[in-house]
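Right, one structure below, let's go through it.
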Amino acid sequence: MFVDEVDIDIAAGHGGRGAMSFRREKFIPRGGPDGGNGGPGGSVYLVASDHINTLVNFRFHPEHHADDGKPGSGSNRTGGTGHDLVLDVPIGTLVYAAEPEEERHAPTLPRAHEPAWTLFADLAEPGQRVLVARGGKGGLGNAFYATSTNRAPRKSQPGLPGDARKLRLHLKLLADVGLVGYPNAGKSTLISRISAAKPKIADYPFTTLTPNLGVVLMRDDRSFVVADVPGLIEGAHTGHGLGDRFLKHLERTKVLIVLVDVSGLSGRAPADDLDVLRRELALFDAGLGSKPQLVAANKIDAATDEPLVASLEARARQLGLPFFRISAVAGTGLQPLLEAAWTILADARAAHKAVVDLSATESR
Ligand SMILES: Nc1nc2c(ncn2[C@@H]2O[C@H](COP(=O)(O)OP(=O)(O)OP(=O)(O)O)[C@@H](O)[C@H]2O)c(=O)[nH]1
Ligand SMILES: [Mg+2]
C-alpha cells in the first residue's frame, strides 16, 4: 500500500486580554469600570478539497497557527475575533491526533518518543470540515466584575490559550499518471528523476517487480502521483513476462506515459514497441486502452539511429498522440512532458468537479 503521511503541529489563537479601564468623561467624576472583554482566538479547521491530492505541501510547512484574539478596550469594547485558519487537505485524508504524552515521574524510565495516535476524523467527502483546534476564549474585562459592593474592580483576565496539538495526516495514494513500457525502457529511472521515489534501477529487464509510486512536484503548488509498474511485453495479457496483473494499479489514472526505448539497444523497432504496448493495454481493459496517452522516446542521449526515432514520432503523430524526446538519465525534455501530463490531469479533475457540482445541485 502506498501512503503519504505527515505530522503537523497546529495551534489555535490565544484569546485576547480583557481590558481594565474606567470611564473618564467630563462632568462624570468617577466613571464606572468599562473594560471590554478580549476577543476569542481563531480556530483551526481541516477541509477535504478536490483541489489537491497529496499531502506534500505539509512536509514543507508542518506548523500552522490561527490568529490570536484582540484585546478588549475601554468603553466596553470587545476585542476582535482572531481569524480562523482553514487548511485544505486531499479527499480521503485520515486525521490522527496525538494523545498527550503521559507524565512519567520515575526519572529512570525513558520517555516514550512516539505518541499514541487516535483517529480523529476521516475526511472522505468533498467539502467535509472538521474543527481540529478551538480558539482560546477572550479574557473578561473589568466591567464584568463590577458588583454592588465593588464598583471599581481592578481585575481582568488575560484570555485563554487556544488548543495546540500534533496531528498525523494519512492519505492512501492513488496514481494520477501511469508509466508503461517494455522492461528496461527506463520507467524506474524516470520516476526517480521526477519524484522522490527511489526504486531499483538496473540494466536488465524485470528489475521492477512491484509498482512504485512517487509524488511529482511542479511549480505553483501543483502536484500529482505517478506510478511506475513492472514492464510489459507482447502477450502480457495472456500471462507473458510478469503478465498484466499490475495494470490494475493504473485503472484510476487519468493519463498514461508510454515510454519507448529509442537507444536501438533493445533490438526492436520503437514504432512496433508502441503498437504492442497499446495493444496489450487495450486487451487488458478497454477503459485502460482508451485513456489519454503521451508517447515519450526515452534514452534520446544514446540514440544513434535517427530514422528509428523519426519512425516512432511518425507513428505517434498518425495516432494523434503527443510525442516527446526525453532522457530520463540526463533529465532532458522532462518539463514539456510533465506539463502535458498536468494539462490532461487538470482537465480531468475539472470535468470530475463539474459532475460532482452538478449532482450536488440536482439533489438539492
Ligand atoms: N542512456 C540512457 N539510459 C537510460 C535512460 N533511462 C534509463 N536508462 C538505463 O536503462 C536501464 C533500465 O532502466 P530502468 O529504469 O531500470 O528501466 P525500467 O523500465 O524500470 O525496467 P523494468 O523495471 O525492468 O521494467 C538502466 O541501466 C538505466 O540506467 C536514458 O534516458 N538514457
Ligand atoms: Mg523498473
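Within 9 Å, Cβ to Cβ, of His170, how many net charges do the neighbouring residues add up to if Lys/Arg are +1 and Asp/Glu are -1? Charge balance in the 9 Å sphere: 0. The ranking of Arg245, Arg59 by Cβ neighbour count inside 10 Å, starting from the fewest, reads Arg245, Arg59. Under 5 Å between amide hydrogens, built in the peptide plane, is the criterion, and for Thr93 it picks out Leu123 among residues at least 5 positions away or on other chains.
So which of Lys70/Lys172; Lys166/Lys254; Lys70/Lys166 end up more than 32 Å apart by C-alpha? Where the Cα-Cα span goes over 32 Å, the pairs concerned are Lys70/Lys172; Lys166/Lys254.
Only beta bridges with both residues in the stretch 177-359 are counted; by DSSP, about 35 percent of them are antiparallel.
Once you keep just the Cα pairs under 8 angstrom separated by 6 or more residues, what percentage relative contact order results for the chain? Write out the running numbers ahead of the final one.
Details: 940 pairs, mean separation 56.4, N = 364.
With pairs under 8 Å counted, the relative contact order is 15 percent.
Among beta bridges identified by DSSP and lying wholly in the chain, the antiparallel ones come to about 60 percent. Only the Cβ atoms of Lys and Arg (+1) and of Asp and Glu (-1) were treated as charged; on that basis the dipole of the chain about its Cα centre amounts to roughly 1920 debye. Backbone geometry of the stretch 142-159 corresponds, through the Karplus equation with coefficients 6.51, -1.76 and 1.60 at θ = phi - 60°, to 3J(HN,Hα) couplings of 5, 4, 4, 8, 5, 10, 5, 9, 10, 8, 9, x, 10, 9, 8, 9, x, x Hz, x marking Gly and Pro. Taking other Cβ atoms within 10 Å as a rough exposure proxy, Thr189, Thr332, Thr147 sort from fewest to most as Thr147, Thr332, Thr189. Database remark: amide H of Ala133 closer than 5 angstrom to the amide H of Val44 (H placed geometrically; neighbours at sequence offset of 5 or more, or on other chains; Pro and chain starts carry no H). Provide the percentage of antiparallel DSSP beta bridges, counting only those with both residues in the stretch 1-101; round to the nearest 5. Around 25 percent antiparallel, to the nearest 5.
Using the Cβ of Gly41 as centre and a radius below 11 Å, the other residues enclosed give a net charge of -1, where K and R count +1 and D and E count -1.
Return the single residue from Gly135, Gly320, Gly82 with maximal mean-square fluctuation; model: Gaussian network over the chain, springs between Cα atoms under 10 Å. Result for the chain, Cα springs under 10 Å: Gly320 fluctuates most. For the residues His83, His14, His240, a GNM of the chain with alpha-carbon springs under 10 Å puts the largest fluctuation on His240.
Give me the net charge for the shell around Ala66: Cβ to Cβ below 11 angstrom, other residues only, Lys and Arg +1, Asp and Glu -1. List each step's numbers first, then the result.
Numbers: positive: Arg134; negative: Asp67, Asp68, Asp84, Asp163.
For residues surrounding Ala66, the net value is -3.
Within 10 Å, at most 14 other Cβ atoms, and a DSSP state outside H, G, I, E, B define an exposed site. Report the longest part of the chain free of exposed GluC sites (Glu not before Pro).
Working: sites that count: Glu101, Glu102, Glu103, Glu251.
Here the longest segment lacking exposed loop sites spans 104-250.
Rounded to the nearest 500, the 222 nm mean residue ellipticity of the chain from helices alone is -6500 deg cm²/dmol, with -39,500 (n - 2.57) taken per DSSP H run of at least 4 residues.
Taking a temperature of 25 °C and a viscosity of 0.890 mPa s, what whole-number D in µm²/s does Stokes-Einstein yield for the chain with Rh from Kirkwood over alpha carbon pairs?
On the way: Rh = 24.6 Å.
Once the numbers are plugged in, D ends up at 100 µm²/s.
Projecting the Cα atoms of Val89, Leu274, His237 onto the charge dipole of the chain, computed from C-beta unit charges around the Cα centre, puts Val89 farthest toward the positive end. The aspartates and glutamates whose alpha-carbon is closer than 20 Å to the alpha-carbon of Lys291, local same-chain residues fewer than 8 away aside, are Asp176, Asp228, Glu234, Asp244, Glu251, Asp272, Asp273, Asp275, Glu280, Glu313, Glu339, Asp347. Projecting label points 7 angstrom from Cα along Cα→Cβ for Ser75 and Ala282 puts them 7.8 nm apart.
Are there any helices in the chain, counted as whole DSSP H runs, that stretch 30 Å or more along their axis by Cα and score at least -0.5 on average by Kyte-Doolittle, and if so which? Walk me through the intermediate numbers first.
Details: long enough: 334-362 (42 Å, 0.43).
Going by DSSP H runs, the hits are 334-362.
Read-outs throughout are calculated quantities, based only on the coordinates presented, and are distinct from any laboratory measurement. All figures in this text were calculated on a predicted structure; none of them were measured in a lab. Neighbour counts are summed over all protein chains in view; Cβ atoms, including those assigned to glycine, are modelled from backbone coordinates with ideal geometry.
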